[in-house]
1. Identify all lysines with a Cα-Cα distance to Lys37 below 23 Å; exclude those on the same chain that are fewer than 8 residues away in sequence.
2. Keeping all protein chains in place, calculate the accessible area per residue for the chain (probe 1.4 angstrom), answer in Å².
3. May I ask which residue of Phe60, Ile49, Phe32 lies farthest towards the positive end of the charge dipole of the chain, with charges of +1 (Lys, Arg) and -1 (Asp, Glu) on Cβ and the Cα centre as origin?
4. If you rank Arg39, Arg25 by how much accessible surface each has, with a 1.4 Å probe, what is the order from largest down?
5. Filter the chymotrypsin sites (Phe, Trp or Tyr not before Pro) in the range 15-46 to those in DSSP coil with at most 13 other Cβ atoms within 10 Å of their Cβ, and list the result.
6. Lys37: accessible area at probe 1.4 Å, nearest 10 Å²?
7. Taking the Cα centre of the chain as origin, sum charge times position over the Cβ atoms of Lys and Arg (+1) and Asp and Glu (-1), and report the length of that vector in debye to the nearest 20.
8. Could you work out the relative contact order of the chain? I mean the mean sequence separation of Cα pairs under 8 Å and 6+ apart, divided by the number of residues, in percent.
Amino acid sequence: MIILLLDEAQEEFVDDPSKFDKLIRDADKPLFNGCLKQRLPTMVKFYNIKAENGVSDKCFGQFLAAFKEI
C-alpha cells in the first residue's frame, strides 16, 4: 500500500516539480489567517477520510473547491 502511494505521489510531481516545492513551503502555514491548524496535516486528514470512504477524485475535488470558497 505504501509503495503504491509513493508511486502515485511521484507521478503527481514528476511532471511539475514546482508543485512539490509549493507543498513543502506551504506545509506549516495555517489554513487561513488566524487559524491554528496547519495545511499539510489537514490535507492528510482529508485524504484519509476520502480513502476510507471510497470518495471519487471528482467528488473530492468538488468538495475541496467548495471548501476553498468558504
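The values are calculated or read from the model by the stated rules, or taken from the named source; none is laboratory data. Just so it is clear, the model here is predicted, and its values are computed rather than measured. A quick note on method: Cβ atoms are made from the backbone with ideal geometry, for glycine too, and the neighbour counts reach across all protein chains shown. Surface accessibility is based on the protein's heavy atoms, side chains included, excluding ligands, DNA and RNA. Shrake-Rupley method; radii C 1.70, N 1.55, O 1.52, S 1.80 Å.
1. Within the straight-line limit of under 23 Å, Lys37 reaches these lysines: Lys19, Lys22, Lys29, Lys45, Lys50, Lys68.
2. Numbers: 6220 Å² over 70 residues.
Heavy-atom accessible area per residue stands at 89 Å².
3. Of the options given, the answer is Phe32.
4. Values: Arg39 80, Arg25 150 Å².
Reading off the accessible areas and sorting them downward yields Arg25, Arg39.
5. Values: sites: Phe20, Phe32, Phe46; in loops: Phe32.
Filter output for the range 15-46: Phe32.
6. Its heavy atoms expose roughly 130 Å² to the probe.
7. On the way: 10 positive and 12 negative charges, 96 e Å.
So the dipole magnitude of the chain works out to roughly 460 debye.
8. Working: 23 pairs, mean separation 9.8, N = 70.
So the answer I get is 14 percent.
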